[in-house]
Structures are given as C-alpha cells and as structure tokens.
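A short worksheet on the structure shown next.
The values are calculated or read from the model by the stated rules, or taken from the named source; none is laboratory data. Here the structure is a predicted model, which means the values were calculated and not measured. Glycine gets a Cβ as well: all are built from the backbone with ideal geometry, and neighbour counts include every protein chain shown. In case anyone asks, the SASA skips ligands and DNA or RNA and just uses the protein heavy atoms, side chains included. Shrake-Rupley method; radii C 1.70, N 1.55, O 1.52, S 1.80 Å.
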Protein chains: 4
Amino acid sequence: MVIDASRGAVLPLTAAYCQRAGAALIACASDLDSEGIDAARALSAQVPVVQATNLSIGHWLQNRLTRSAASIMRRLPDPPVASVLERHTAAKRDRPSASARALAATWETASGVGEVTEVVSYRAGLAVSEHTLDLTFPCETVSLRHDVRDLGAAVFGALAAADWAHDAPVGFYLINDLFDRLLVEESP
Amino acid sequence: MVIDASRGAVLPLTAAYCQRAGAALIACASDLDSEGIDAARALSAQVPVVQATNLSIGHWLQNRLTRSAASIMRRLPDPPVASVLERHTAAKRDRPSASARALAATWETASGVGEVTEVVSYRAGLAVSEHTLDLTFPCETVSLRHDVRDLGAAVFGALAAADWAHDAPVGFYLINDLFDRLLVEESP
Amino acid sequence: MVIDASRGAVLPLTAAYCQRAGAALIACASDLDSEGIDAARALSAQVPVVQATNLSIGHWLQNRLTRSAASIMRRLPDPPVASVLERHTAAKRDRPSASARALAATWETASGVGEVTEVVSYRAGLAVSEHTLDLTFPCETVSLRHDVRDLGAAVFGALAAADWAHDAPVGFYLINDLFDRLLVEESP
Amino acid sequence: MVIDASRGAVLPLTAAYCQRAGAALIACASDLDSEGIDAARALSAQVPVVQATNLSIGHWLQNRLTRSAASIMRRLPDPPVASVLERHTAAKRDRPSASARALAATWETASGVGEVTEVVSYRAGLAVSEHTLDLTFPCETVSLRHDVRDLGAAVFGALAAADWAHDAPVGFYLINDLFDRLLVEESP
C-alpha cells in the first residue's frame, strides 16, 4: 500500500514502483497532469487505485450537502443565486482552488439552474483554507462553509482509503465515491 | 383563507372566525399557547390548517441539510461535535430562539450521537437574525448558516402555503412537511 | 442648501443651480468625473461645498481605526500583512469599490510598510456592502469590518454636513475631514 | 529572568525563587489569585516584574483600537450599542473569558456611554479563541475581531517583555502599558 502525497509530476515513478511491488495506491496530489492520470489509470488494471484530490471528510460533506441543496432548490420557481468564496494563505498562487471549482461544479450539475458566475479567491490570513457556498434568496441567505485549520484533516480519509483499498477489487476509484460507499450507501 | 401572523393569544378568535366563514387557516405566530394549539387542532377537523412557526424557505433548507448531515455523520467512528449559535437584535427577549431549539433538535434526532450541549444566544446587531450550526471535527469545521435580513423572507412560504391550502384536504399540517411535499417528495 | 445624491454626470447642472441660488452644496455621487470635480471646486469659491463620496459614519470610523492601527504597527519589527475583502450585491459592476481602494490607501499611507497587494471583491449576497481589513500576524489576525445594511446609513452624515455647511466659511471640504472636525478635533 | 506561564497557584514559589536569584519576572498566568498578586507586588520592590495576562500583540491592538473608537463615539448624539462575543474551544470552562471582560471594560471606561450589557461566550470550534467587539449603529455595524490560532501568538510579547525587563528599573508593570511604551509612546 502506497500513499503518494507528493507533487503530481512524481506519480509515474510511484505507479511504476506499485506495479513492481503489487501495491495498492492512494494518489493524493492535487496537481496531477495527464501523464500522471494515465499512469494511475494504467496501474488500476492491476491493483486498486484511489484518486483523492482532497482527503478531508469536511470537503466531502460540504459537496454532498451542496448536491442535496441544489437538487431541492431547482424546484423553486425562483431559485437562489449561488456563489463561492474561498480563502487560502498568500502562499497559494493559483486561483481559484481546485476545491472551489469542484464545489461550483457540484452545484451546477445538481441544480441545473445555471452557472455559478462568481467564484472568488482571497489570499490572506492563516493556514489552511476556507470554502463557502452562499445561496442568496430575496431576503435571506443560506451558507455552507468548510474551514480547515490543519493538514491533519487528511488523516481520517487517508487511513479510511488505505484500509478499504487493502482488500478491494482491482480498479480505479474516486475518494468521494469511496466516502459515499463507506458512510452512506452501505448504511443498514 | 386566513393568514394569522399576529400574536399567539389571538388564535382562538381567529379560529372561531375561520369556523364561521369556512376559511382555511395559516397560523404563523411563534408563541402559540396550548389554548391556541387546541383551537387550531379543533378547526382542522373542518378546514385545512397549516401551522407555520417559521415561514422562511431558508429555515426549512437549513433544517433539511442538518438532517442530511446528521444521518451521515452518525456512521463516523468519531462524529463531529455539534453546536448552535444564534443572533437576534437586542429587542428579542427570550433565549434561545425557537428556531435555534428546533435546529438542535433536528441534529439530535437525526444523528443519535448525543446532545447539542451548546446553544448560545447573542443579542446584538441589526435585523433580523442568524442561526448557525457548527460541526467541529479534529482539524476542520463545517458550518450551516441561515441569515435573515428582512421579514419579506416569509412571503414565499405564506403564499405557497395559502395556494396549497386553498383546495387541500381538511386536516392539520406543519409548514416543513408542506415544503417537503411541495419541493421534494413530488419531484418527478 | 442642496444635497446632490444623483449621478456624477449631473453635478455641473447642480453646481450652476447652487451658484444662481447662493446655496451650499453637499456633493454625494461616488462617480464624479473631472468635469464634475471642476464644477464643485469652482462653486466652492462662492459657497461652502462638501464632497462626500461615502457619508456613513462607519466608513469614516473604519478608516480612522485603520490609520491608528497602521501608525502603531509600523514600529513592529515584523509588521502584519494587510489585505482587504469587500462584498457588494451582484448588481455592482466595478471592482474593487471606491471604499475598498480608500481603505487600502489609508493603510498604505499611514503604515509605510508596503502595499496592500490583496484587494478582493465578492459580488454576492444581500444589500448593501461589507468592507473588511484583515491584519495577519504569524499566529493571529485582527480584523476591522464595516457592514452596511441600509442606505439610511448616510442620513446622519448628510444631516451633519448640511447643518455644518449652513453657516460655514466658503470653501471646499472633504466629508472625512468634516467628521474629524466635528467628532474629534473640537473635543474638549 | 523567569517567564512563569504555569498556573496562578504556583506564583508564590516562583516569586520566592526570583527573590533568591535576583531574577526579573514575567508573570503570565491568567488565573492569579490574591496571594499570587501579593507575591508579585512584593517581589517588584526588588526586581522588575511584568504582569501579562495576555501576551498577544493582537489582544493589545484590539484594546487600543477599542479605546480609540470609544473616545470618538462618545461625542456622537446617538452612540452605537457595544457588545462582545467570544469563542473558545469546549474545553474552556469559565464564561466569559478574562479577555472578553477586559475588552468590555476598555469600551465602558473610554466611552462613558454606559454598560456593555451583552458579553456572550460560545464554546465550540477549534483552538484557540476569537474575541469580537460589535458596534451597532442604526443601519450599519463596525466590528473589531481578534482571532488567535496558535499559542505562538504569545512569543513576541514574551520576548519583548523579557528583553525590556532585562535592564529595566525595579517596579511593577502591566504588559499593555509596556506595549504602549515600546510601540507608541517612544515613537519619534
């Protein structure tokens, strides 16, 4: 079992190692390029591979609740306007974050009521990050906020993924689908 | 069709009027006493009666998402700690608000992982109110916030309830169940 | 006494009227062009003219506290990083707001510790606006936030300016200097 | 030089040690009882003693800006209503925190416009603490927030106090007065 939390460019080397060793892989880099994705996909023909751009349970929960909200709100005659604000420390260069784009995409796909035209990035403050989805109604707002204070937020997801992948069927899995499976679908 | 948004003590008079007129009733006062509730229940044997402590769609959405979050989180080996903070202007006397207590009860019922021991009221700032459910994990938090800026937030719910009650079967209905019916359950 | 809160393009007409009538002018439009500023300046040779881009007392207070904070922090061996986040409704087109730029300039001028490189605009939520100055230290932050909920926030400043201009010496005045004079400098 | 950041009950022992060794003392415990304060006061006849309930520079800055705001606002015909909200993790037992009480006292002393009747404590979320002073005007609010994420926030103050006490005159000093002296009064 290999958990690769280094940079995306390294993944082909890691995948080659997993292939030789017959080890399952949890691929955590958020900056995978196409070469890395191809290597992970190819490896998944032999061992279980989990792709986990964001291992935090809070990220997954925020996206699930966003999906729930969107699927309800699409039935309103006048659905709310959705917008996303994210904050990272000044050290982060790219805007918006991959997680902010994922959150906007989750809303757009599930609501079918048009684009999230406002996805704004603020580079300030202390580690690690905040992501907020704001739903604006005529006289009120509902907000879904995820605030990460420590990279330890990834530990539960990393261990849950490793535990699961240990004797999982060969194949390629996304971490959010894995959380769905572990925490929702298999519920009695 | 009568929409009673006055004080709870008035409801028996309103119910008597509805009975004489054969009019459906939307009962909106948040301070109904047992006499008022009895009057509404008795009336509901003759006409449709909707009890709507909080008519805002945001309140309903926040409670639905809270229930979703709770039912998922109960399966975690180490569920988050839930707490509620509410704010109203200094003019509001009672603490905590009925909506804050409802939010805590929604979490407790759906999660089964123990009490929301912290429900705090802050009396400050401008109209109208904020209610936040905070879920605290070891290194991250997820928050669900509802911010009402104008009593116009009640308009959609009042009209939706009135429209529905107009030709509804005789009976007693809660507004949140009505929203569930209108926005979720009947979806194609 | 004329209070002109219409669009900047109108100011030359208003100034001509004030000149004919001998009336003092409170010029409130935030989008004055050079023609408007010239007209106001020219008028101020004859009557008192107050330029008030933002009439709210909160805006003035936030800028005063920002200046205080900046003048202290410049003496720290390791001054905090300053950043500004502003929010207006989606209807506002320009980014960043004039008030956000003014706030950043206030910090930069008074601190002398370099640029506010991060001034971010978020177009979402309900009326009217929020402006936050965040000061980030290694393990803590201090924030100064101004939240306007209603254009009535301009009333006190408009009346104070009108009351003062009524028998003021001929000349050109900025509203913030006027607040300084009324609320700070003349204090016993 | 001794920096005592243990519990208040220990201070008499620490003071006795400092007396024998002739060492200056930075007394940081926030729960000093009268016996501890007496011991610190007695010691200050022989060596420099700095009492530092809260060593963070942000706490000091927030109190200074609060004092500035209060001294201005007292001249308004209709001063804002002041209120304090503080948050610490669920592990903190006492309510409100000493820092919240200090902040309210700073406002009350400097404004002379009446009590801060609302000082609310919320026990939730992650380490360490937030303290917010809210000033509510008719249509707007101005807020001063201090957010501590790590106890490292005390380091600068501890080192500055130790450096200063090293060759300071014998006597008893409060940390906030020391910050005033180091960062404000001695400015050129």
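If you line up the long axis of helix D:34-43 against the longest principal axis of chain D, both from Cα atoms, how many degrees apart are they, to the nearest 10?
50
Rg and Dmax of the stretch C:1-72 over Cα atoms: what are they, in angstrom?
Looking at the stretch C:1-72, its Cα Rg and Dmax stand at 14.3, 48 Å.
Along the axis that rotates chain C into chain A, which residue of chain C has the nearest beta-carbon, and what is the gap in whole Å?
Measuring from each Cβ to the axis, the minimum is at C:120, 3.
Averaged across the residues of C:116-124, what count of C-beta atoms belonging to other chains lies within 10 Å of each residue's C-beta?
Per residue, the number of nearby Cβ atoms from other chains is 6 on average.
Output the 0 to 90 degree angle, nearest 10, between the alpha-carbon long axis of helix D:57-73 and the longest principal axis computed from the alpha carbons of chain D.
That works out to roughly 40 degrees.
At 0.36 nm per residue, minus the direct Cα-Cα distance, what do residue C:109 and residue C:35 gain on full extension? Give it in nm, one decimal, please.
23.9 nm
Just the Kirkwood number for the protein assembly as shown, please: inverse of mean 1/r across all distinct Cα pairs, in Å, one decimal.
This gives a value of 29.4 Å.
How high is the relative contact order of the stretch D:60-188? Use alpha-carbon pairs under 8 Å, at least six apart in sequence, and give a whole percent.
For the stretch D:60-188, the relative contact order is 26 percent.
Out of every Cα pair in the stretch D:28-70, what percent are spaced more than 11 Å from each other?
Tail of the P(r) past 11 Å holds 71 percent of the pairs.
If I ignore ligands, DNA and RNA and count only protein heavy atoms, how much of residue D:57 is accessible to a 1.4 Å probe, in Å² to the nearest 10?
Residue D:57 exposes around 10 Å² with every protein chain in place.
Size of the dipole of chain D about the Cα centre, Lys and Arg at +1 and Asp and Glu at -1 on the beta carbon, nothing else charged, in debye to 20?
240
From the phi of every residue in the stretch A:174-183, what ³J(HN,Hα) in whole Hz does the Karplus formula 6.51 cos²θ - 1.76 cosθ + 1.60 yield, where θ is phi - 60° and glycine or proline is x?
9, 4, 5, 5, 5, 4, 4, 5, 6, 10
On a 0 to 90 degree scale, rounded to 10, what angle separates helix B:98-111 from the longest Cα axis of chain B?
Rounded to the nearest ten degrees, it is 60.
How many angstrom separate the Cα center of the stretch D:44-85 from the Cα center of the stretch C:34-67?
Value for the Cα centre distance between the two parts: 31 Å.
Could you tell me the accessible area of residue A:117 in Å² (1.4 Å probe, neighbours in place), rounded to the nearest ten?
110
Around residue D:118, which amide H atoms from residues at least 5 apart in sequence, or from another chain, sit under 5 Å from its own amide H, with H modelled in the peptide plane?
D:84
Using unit Cβ charges (K, R positive; D, E negative) and no other charged atoms, how large, in debye to the nearest 20, is the dipole of the protein assembly as shown about its Cα centre?
It works out to roughly 0 debye.
What 222 nm value per residue comes from the helices of chain D, counting each DSSP H run with n ≥ 4 as -39,500 (n - 2.57) and dividing by all residues, nearest 500 deg cm²/dmol? Numbers along the way, then the final one.
On the way: 6 runs with 69 residues, N = 188.
That calculation yields -11500 deg cm²/dmol at 222 nm.
Where the eigenvalues come from the Cα gyration tensor of the stretch A:32-108, what are the semi-axes √(5λ) of the equivalent ellipsoid, largest first, in whole Å?
29, 19, 11
Can you tell which of A:110, A:184, A:146 lies farthest toward the positive end of the dipole of chain A, using +1 and -1 charges on the Cβ of basic and acidic side chains (Lys, Arg; Asp, Glu)?
Working it through, the farthest residue towards the positive pole turns out to be A:146.
Just for the Cα atoms in the stretch C:57-149, what are the lengths along the principal axes, largest first, rounded to whole Å?
42, 25, 21
Explain nothing, just the number: dipole magnitude of the stretch C:57-149 about its Cα centre with +1 on each Lys and Arg Cβ and -1 on each Asp and Glu Cβ, in debye rounded to the nearest 20.
The dipole magnitude comes to about 360 debye.
For the stretch C:113-188, state the semi-axes of the equivalent ellipsoid (square roots of 5 times the eigenvalues of the alpha-carbon gyration tensor), sorted largest first and rounded to whole angstrom.
Its equivalent ellipsoid spans semi-axes of 32, 19, 12 Å.
If you line up the Cα atoms of the stretch C:1-129 on their principal axes, what length do they span on each, largest first, in Å?
Taking max minus min along each principal axis of the Cα atoms, the stretch C:1-129 gives 57, 34, 24 Å.
Using only protein heavy atoms and a 1.4 Å probe, report how much of residue A:30 is accessible, in Å² to the nearest 10.
80
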